[in-house]
Amino acid sequence: MGDHRVGLAPFEGRVDDRELPVEGTVPPWLDGRLLRNGPGRFHAGDREVNHWFDGFALLRAFDIDDGAVRYSARFLGSEAFEHASREGDLAFMEFGTNPDHGLLRRLYQVARGRFTDNASVTITRIGGEFAAVTETPRSVVFDPETLAARRTHTFADDLAVTWSLAHTHYDFDHEQAVGLGVDLGRESRYRVYCRPKGATRRAEIGSVAVDRPSYMHSFALTTDHVVLTEHPFDTTPLQMARGKPFVENFSWRPAAGTRFLVLDRETGALVAERRVDPFFTFHHANAFTDDGAVVIDLVAFDDASVVTDLYLDELRRPDARPHGGELRRYCVPLDGGPIERERLHAGPFEFPMVDYRRRAGRKHRYVWGAGSEADRPRGFLDCLRKVDTERGETAATWTDPDTFPGEPVFVGRPGRNAEDDGVLLSVALDAAAERSVLLVLDASDLTERARAPLPEVLPMGFHGQFFTGDGVPTPSMA
Ligand code: CO
């Protein structure tokens, strides 16, 4: 019988538009395409990569129409993947693994902007096309029907950034994406940018000078502000010049604390800079302004050790612990008053999700996410939860033996009134049956509406988005 480690086995071949059996009933209003991303193979020839984030991107698509589910999976045809398949080694520095070629060539590559295009984190749209993205300046545009790569994409604009966050926001009111990049240099800066729908150029909203840029994986957006959560897992240009794999250049300096940097979206001005006790975060659930304070919900870890826990050697231990933090709320008064901190869920909790289409940047009540319920949890996160932030309690939990669900994507029912009227879509690993399954849960009580088992295992993935027929995204998370 398999355990969580079958979710790290390499995927072979590709799948084109295969119809899946459906148990239960998919709501008839659910019509669109769930596009997901995540690593699917962890070697180049005989060479194993070190970190979960180094795996080669495998695109996964689920078409849902009239109660039926069809699925496709295909490795992202990045330059990094094509080179590895052809030559059996790495072409570029990855998140936690270096290629075999020497330091000088690595530094030359970085100086020339030859970063990896192994874009395995999530999916976004650039200029009307679909793109797989990661944290380097290079993404890969692909055909949404066949999942075939069209080209590697680099923005041809004036925004000076060394790396940028894969997690961007989409503002439905202003029809624009908002993103964050880090410009590493003699004077390093965080640069917040916007990109109107359909545009291929980014424009700077504002920037903040920083001595030691932090490894930030996401940020928060309200209707009026951009909120950067700058934890003290940071680096310097000098450290970066040592030629180590990307993440090895960062160090945890708890004495510095974690800083909230709040920028005005209109003027770009820094309107608040507040320090709290140190914590690390990958993911924000949402943020909003309430009574003169910015309220930020995020998943907090005590320190950055989760980054090391995600090395493949650690994950492949039979007794590997599931990774998640505390779902936490910070209220940061803009007038300088005391910051309040509230525990919404003790954790482990990850992949926090709100009704993004309606609630992004606005007050929300519910946060969904993956959690762990077992007495002695092993492997990946093993349940899905709905947290009621108003009552400060878990409102519902979904679980199934030996099953490890991935990120839950909320899709609201068209015409809904209630915030939780919709479904959660999650691709789960059924480790006992050694196959993956697409779950369709009722978002209000987490009862199972339908499941579509796959004939094989899809390696555990990261993030995705649901696109309705008209191409409007339902971003999976902040
Ligand atoms: Co992420």
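The values are calculated or read from the model by the stated rules, or taken from the named source; none is laboratory data. Everything numeric here is computed off the predicted structure, so don't read it as measured data. Glycine gets a Cβ as well: all are built from the backbone with ideal geometry, and neighbour counts include every protein chain shown.
When you check VAL409 against the structure, is it among the β-branched types (Val, Ile, Thr) and crowded, with 24+ Cβ neighbours inside 10 Å, yes or no?
On the way: among the β-branched types (Val, Ile, Thr): yes; crowded, with 24+ Cβ neighbours inside 10 Å: yes.
Considered against the rule, which asks whether it is among the β-branched types (Val, Ile, Thr) and crowded, with 24+ Cβ neighbours inside 10 Å, VAL409 comes out as yes.
Exactly one of these conditions fails for GLU79: (1) closer than 27 Å to PHE351 by Cα; (2) in contact with a strand residue (DSSP E or B) (Cβ under 6 Å, 6 or more places away or on another chain). Give me its number.
(1)
Residues GLY257, GLY268: which one is touching a Gly at 6+ places or on another chain (Cβ under 8 Å) and modelled with pLDDT of 95 or more?
Numbers: GLY257 fails: touching a Gly at 6+ places or on another chain (Cβ under 8 Å).
The match here is GLY268.
Select from region 298-329 the residues that are under 18 Å from the mean Cα position of the chain (by Cα), aliphatic (A, V, I, L, M) and in a loop (DSSP other than H, G, I, E, B) and list them in ascending order.
ALA304, LEU310
Of all residues in region 341-361, which are assigned to a strand (DSSP E or B) and within 16 Å of the ligand (Cβ to nearest atom)? Spell out how you get there, then give the answer.
Pass one, region 341-361, residues assigned to a strand (DSSP E or B): 341-353.
Passing the criteria: PRO348, PHE349, GLU350, PHE351, PRO352, MET353.
Could you tell me which numbered condition LEU180 fails, if it satisfies all but one of (1) buried (at least 19 other Cβ atoms within 10 Å of the Cβ); (2) more than 16 Å from the ligand (Cβ to nearest atom); (3) not polar (S, T, N, Q)?
Failing condition for LEU180: (2).
Within the bounds of region 23-34, is there any residue that is crowded, with 19+ Cβ neighbours inside 10 Å, in contact with a helix residue (DSSP H, G or I) (Cβ under 9 Å, 6 or more places away or on another chain) and outside any strand (DSSP E or B)?
Just the residues of region 23-34 that are crowded, with 19+ Cβ neighbours inside 10 Å, to begin with: 26, 30, 32-34.
If we keep only those that are in contact with a helix residue (DSSP H, G or I) (Cβ under 9 Å, 6 or more places away or on another chain) too, we end up with none.
No: zero hits.
What number of residues in region 364-407 are under 28 Å from VAL6 (Cβ atoms), touching a strand residue (DSSP E or B) at 6+ places or on another chain (Cβ under 8 Å) and not in a strand (DSSP E or B)? Before the answer, list the steps.
Filtering region 364-407 down to residues under 28 Å from VAL6 (Cβ atoms) leaves 368-386, 396-407.
Filter again for touching a strand residue (DSSP E or B) at 6+ places or on another chain (Cβ under 8 Å), leaving 368-373, 377, 379-386, 396-400, 402-407.
Checking the rest, the ones that are also not in a strand (DSSP E or B) come to 372-373, 377, 379-382, 400, 402, 406-407.
Going through region 364-407 one residue at a time, the tally reaches 11.
For region 106-137, what are the residues that are of a type outside the set (A, V, I, L, M, F, W, C), over 12 Å from ALA80 (Cβ atoms) and away from the ligand (no atom under 16 Å from the Cβ)? Show your work before the answer.
Let us first name the residues in region 106-137 that are of a type outside the set (A, V, I, L, M, F, W, C), namely 106, 108-109, 112-114, 116-118, 120, 122, 124-125, 127-129, 134-137.
So of that shortlist, the ones also over 12 Å from ALA80 (Cβ atoms) come out as 106, 108, 112-113, 122, 124-125, 127-129, 135, 137.
Those that are of a type outside the set (A, V, I, L, M, F, W, C), over 12 Å from ALA80 (Cβ atoms) and away from the ligand (no atom under 16 Å from the Cβ): ARG106, TYR108, ARG112, GLY113, ARG125, GLY127, GLY128, GLU129, PRO137.
Taking the condition of being touching a residue at least 24 places away in the same chain (Cβ under 8 Å) and away from the ligand (no atom under 16 Å from the Cβ), how many residues in region 288-300 meet it? First the steps, then the outcome.
At the first step, the residues of region 288-300 found to be touching a residue at least 24 places away in the same chain (Cβ under 8 Å) are 288-290, 292-300.
This time we only want the ones that are away from the ligand (no atom under 16 Å from the Cβ), so: 288-290, 292-296.
Here the count works out to 8.
If HIS323 satisfies all but one of (1) under 20 Å from HIS51 (Cβ atoms); (2) touching a residue at least 12 places away in the same chain (Cβ under 8 Å); (3) more than 16 Å from the ligand (Cβ to nearest atom), what's the number of the condition it fails?
Exception for HIS323: condition (3).
With respect to HIS364, is the statement that it is in contact (Cβ under 8 Å) with a residue 60 or more places away in the chain and within 16 Å of the ligand (Cβ to nearest atom) true?
no
Show me the strands (runs of 3 or more DSSP E) found entirely inside region 82-174 where at least 3 residues are surrounded by fewer than 17 Cβ atoms within 10 Å (Cβ to Cβ). Step through it out loud before you land on a result.
Details: elements: 122-126, 129-133, 138-142, 149-154, 169-171.
It comes to 149-154.
I'd like the full set of residues that are buried (at least 22 other Cβ atoms within 10 Å of the Cβ) and charged (D, E, K, R), limited to region 203-236.
GLU230, ASP234
For THR468, are the conditions met, namely being surrounded by fewer than 19 Cβ atoms within 10 Å (Cβ to Cβ) and within 21 Å of VAL69 (Cβ to Cβ)? Break it down stepwise before answering.
Values: surrounded by fewer than 19 Cβ atoms within 10 Å (Cβ to Cβ): yes; within 21 Å of VAL69 (Cβ to Cβ): yes.
Criteria met by THR468.
With the requirement that a residue be modelled with pLDDT under 95 and of a type in the set (Gly, Ala, Ser), what does region 10-43 give you?
GLY13, GLY32
Quick one: which of THR229, THR200 is of a type in the set (Ser, Thr, Tyr) and out of contact with any Ser or Thr (no Cβ under 8 Å at 6 or more places or on another chain)? Walk me through how you get there before you give the answer.
Working: THR229 fails: out of contact with any Ser or Thr (no Cβ under 8 Å at 6 or more places or on another chain).
After ruling out the rest, the residue left standing is THR200.
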